[in-house]
Amino acid sequence: MRLIMMGPPGAGKGTQAKFVAEHFGIPAISTGDIFRSNVSEGTPLGVEAKRYMDAGEYVPDEVTNKMVRNRIDEDDATPGFLLDGYPRTLAQVEELDGMIKFTGHSLDAVVVLTVDPDEIVQRLLQRAQVEGRTDDTEDVIRRRQELYGEETEPLIEVYRDRGLIVEVDGMGEVADVTGRIFEALDIIPES
Ligand code: ADP
């Protein structure tokens, strides 16, 4: 199973990605999380990525693509994976196509979480207090939202043309959103 979780910053991609990935027994691969752990470990990748992340900018495609390629090559991703936060640019879409084609597989679905942008700023500011993420200040949040609209939202049409888009309302309680995703993907929840 090869899935992508898309949606604007703060849509709840990471939270939902874990539930869906667990159901399918595949790893949830979050580029944001991988960057953040590199930042906290002070690796060269982390040092490079931090400059962009703190400004709300995208890390350059070559850097991000290489990182995802390495992660997807790991053994636990052989049965599939759920990508959270990748691809975000057209160049990343092409790169991912190549990676998946190479293994003889194809993408199964792209889940898009739809949310109300104003509500999201509040969610993210709240998260800033809980998690202390340095990119959750109001200015940087707005920049991330802007960049999402310019660079990433257009990818929805690319995947829609391929018949892969599964749109899900991302507002409301976490469990309700999970229920909607499962329903949209025809998943029978385990009891
Ligand atoms: P959010 O989606 O809420 O903005 P993430 O945790 O997914 O947060 O990503 C945090 C930051 O990591 C992004 O603002 C960006 O700087 C970087 N990043 C994550 N994924 C990518 C990607 N696919 N391409 C470029 N930069 C990325």
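The values are calculated or read from the model by the stated rules, or taken from the named source; none is laboratory data. Given the structure is predicted, the values throughout are model-derived calculations rather than measurements. We place every Cβ from the backbone using ideal geometry, glycine too, and count neighbours over all the protein chains shown. Areas reflect the complete protein model, heavy atoms only, side chains present, ligands, DNA and RNA absent. Shrake-Rupley method; radii C 1.70, N 1.55, O 1.52, S 1.80 Å.
The string of couplings for the stretch 97-108 from the Karplus curve (6.51, -1.76, 1.60, θ = phi - 60°) is 3, x, 4, 6, 4, 4, 8, x, 10, 8, 6, 9 Hz, one whole number per residue in order, with x for Gly and Pro. For G7, the amide hydrogen comes within under 5 Å of the amide hydrogens of L113, counting only partners 5 or more places away or on other chains and with H modelled in the peptide plane.
Annotation note: trypsin sites (Lys or Arg not before Pro) in the stretch 132-191 located in DSSP loop regions with a Cβ neighbour count of at most 14 within 10 Å are R162.
Taking GluC sites (Glu not before Pro) as exposed when their DSSP state is a loop state and no more than 15 other Cβ atoms lie within 10 Å, the longest site-free interval of the chain runs over 75-172.
In this rough spin-label picture, where each label sits 7 Å from Cα along the Cβ direction, the R142-T43 distance is 3.4 nm. The calculated FRET efficiency for the pair I187 and V130, based on their C-beta separation and a Förster distance of 30 Å, comes to about 0.55.
Quick one: pull the percent of accessible area on the chain belonging to carbon and sulfur, 1.4 Å probe, ligands and nucleic acids left out.
50 percent
Here S37 sits with roughly 50 square angstrom of accessible surface, probe radius 1.4 Å. Considering only G132, T78, G42, whose Cα is most displaced toward the positive end of the charge dipole of the chain, charges sitting on Cβ of Lys, Arg (+1) and Asp, Glu (-1)? Comparing the listed Cα positions along the dipole, G42 ranks first. Label-to-label distance, M171 versus A55, with points set 7 angstrom from Cα along the beta-carbon direction: 3.4 nm.
Take the Cα radius of gyration of the stretch 2-184 and divide it by 2.2 N^0.38 Å, N being the number of residues; the result is 0.98.
Kindly provide the helix-only [θ] at 222 nm of the chain, computed as the sum of -39,500 (n - 2.57) over DSSP H runs of four or more divided by all residues, to the nearest 500 deg cm²/dmol? Could the numbers behind the result be given before it?
Working: 9 runs with 104 residues, N = 191.
For the chain, the value works out to -16500 deg cm²/dmol.
Rounded, prolate or oblate: which one fits the stretch 141-191, using the alpha carbon gyration tensor with axes a ≥ b ≥ c (rounded when a/c is under 1.5, else prolate when a/b beats b/c, else oblate)? Judged from the Cα gyration tensor, the stretch 141-191 comes out oblate (a/c at least 1.5, b/c at or above a/b). Accessible area per residue for the stretch 117-156, computed on protein heavy atoms with a 1.4 Å probe, is 60 Å². Computed from the Cβ-Cβ distance with R0 of 22 Å, the FRET efficiency linking V158 to D76 stands at 0.20.
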